[in-house]
1. On the basis of being open to solvent by 40 Å² or more (accessible area, probe 1.4 Å) and part of a helix (DSSP H, G or I), does Arg141 make the cut?
2. Residues in the stretch 79-93 that are basic (Lys, Arg) and more than 12 Å from Thr105 (Cα to Cα): how many?
3. Can you pull out the residues in the stretch 313-364 that are more than 18 Å from Asp3 (Cα to Cα) and among the aromatic types (Phe, Trp, Tyr)?
4. Within the stretch 92-117, which residues are surrounded by 14 or more Cβ atoms within 10 Å (Cβ to Cβ), in contact (Cβ under 8 Å) with a residue 24 or more places away in the chain and touching an Asp or Glu at 6+ places or on another chain (Cβ under 8 Å)?
5. Pairs under 6 Å by beta carbon, first residue without any contact (Cβ under 8 Å) to a residue 40 or more places away in the chain and crowded, with 22+ Cβ neighbours inside 10 Å in the stretch 39-65, partner among the β-branched types (Val, Ile, Thr) and outside any helix (DSSP H, G or I), six or more apart or different chains?
6. Since Ala160 meets every condition but one in (1) touching a helix residue (DSSP H, G or I) at 6+ places or on another chain (Cβ under 9 Å); (2) open to solvent by 30 Å² or more (accessible area, probe 1.4 Å); (3) part of a helix (DSSP H, G or I); (4) modelled with pLDDT of 95 or more, which condition does it not meet?
7. Considering only the stretch 65-74, how many residues are among the small types (Gly, Ala, Ser) and within 14 Å of Ser19 (Cβ to Cβ)?
8. Cβ-Cβ below 7 Å, separation at least six or inter-chain, first residue in the stretch 317-335 and over 18 Å from Gly297 (Cβ atoms), second crowded, with 22+ Cβ neighbours inside 10 Å and among the hydroxyl-bearing types (Ser, Thr, Tyr): which pairs?
Amino acid sequence: MADLALTELTLSHFRSHKSVSLTLDGRPIAIYGANGAGKTNILEAVSMLSPGRGLRRAKSDEIARAPEHLGWKVSGILKSLGQIHEIDTRADHGANRSVTIDGKTAAQIALGRIARIVWLIPAMDRLWIEGAEGRRRFLDRMTLSFEPKHAEVSVAYEKAMRERNRLLKDMVRDAMWYKALEDQMAEAGAAIIANRAAAITRLRTAMDAAETAFPTADLSIEGDLIDGKDSLLAALEDSRPNDLRAGRTLIGPHRADMSAIYTAKGVEAKQCSTGEQKALLISLILANARALSEDFGAAPIILLDEVAAHLDANRRAALYDEICALGAQAWMTGTGPELFEELGDRAQHVEVTETGDGSGVVIS
């Protein structure tokens, strides 16, 4: 069994699933069924056992099963580094999401201390050719997998920046109103920059050291890379006149971007073919998993939505071999069982079907 794995997963009124209970043995899980049957909903449920809003970034009320709208619940038994934990996360109708670990109420960040979960979903396929916001979110998700406290400093930075932007829009010019907010932004922003840089370094090292069938990338962060709190604080003060004219904060880690060069070809990821861009994303997820295996002490739980369909048989086999070599519990979706033939009995298989009352699940 994987050193980090869910051994039980229970869903209640979660998206299309009224009630689901899965017993798992730590092997990868191959989930197949028709489009719209509810496969991705299972992956989303697993992603809710990590800090944040899950792989769809959905609001709690959007997750609750219609038409009941009673709220939703995801619970599981997690084996993590020799420890067994009972995890529960839920949101009653109209209420905020709550987390319970081993019977005690906990903050979401506590989930990141006992489990690491990474994912790749179809919405990320255009990562390299769309706006910087998506790449920042992707980078921050990988950074969070290495440093759970990254979520706290990100929230602190965003909160202070919103207050500062309100002052800027109101054309407040008195420096005294800005000092405390800019101090908070500088402290949190410096931590964000340092955390991201450390994550990029770990990913580079993991890719350089790997024997993999997937292309490696030369990663870098572009934009505002001001080093240290004092430097960022001075930059915010200096930028205030420009920010007043714009009505928003124009410098800081919220303006950064991540770039990647396809190493073997020396070509920017955004100029690569669709297949090459997908292969680079898979490579990054695998590098993230390899680095976490060393740093955390166990490979993360990996969620791969509809990845197999974009790979030929040889690449699929290579992906499954790397996942099994890592000892990772990977949750993978596809439209048919033939997409997982190369896994054989190295995986558990779950068929998801549409029923008159939502989604039905059969595990083998």
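1. The answer is yes for Arg141.
2. Result for the stretch 79-93: 1.
3. Answer for the stretch 313-364, where residues must be more than 18 Å from Asp3 (Cα to Cα) and among the aromatic types (Phe, Trp, Tyr): just Phe340.
4. Of everything in the stretch 92-117, just one residue is surrounded by 14 or more Cβ atoms within 10 Å (Cβ to Cβ), in contact (Cβ under 8 Å) with a residue 24 or more places away in the chain and touching an Asp or Glu at 6+ places or on another chain (Cβ under 8 Å), namely Ile109.
5. From residues that are without any contact (Cβ under 8 Å) to a residue 40 or more places away in the chain and crowded, with 22+ Cβ neighbours inside 10 Å, the pairs are Ala45/Val74.
6. That leaves (2) as the condition not met.
7. Here the count works out to 1.
8. Final answer for the pair search is Thr333/Thr40.
The values are calculated or read from the model by the stated rules, or taken from the named source; none is laboratory data. What you see is a predicted model; the values in this text were computed from it and never measured. Note that we place each Cβ from the backbone using ideal geometry, even for glycine, and neighbour counts take in every protein chain shown. Calculation scope for accessible area: heavy atoms of the full protein, side chains included, ligands and nucleic acids excluded. Shrake-Rupley method; radii C 1.70, N 1.55, O 1.52, S 1.80 Å.
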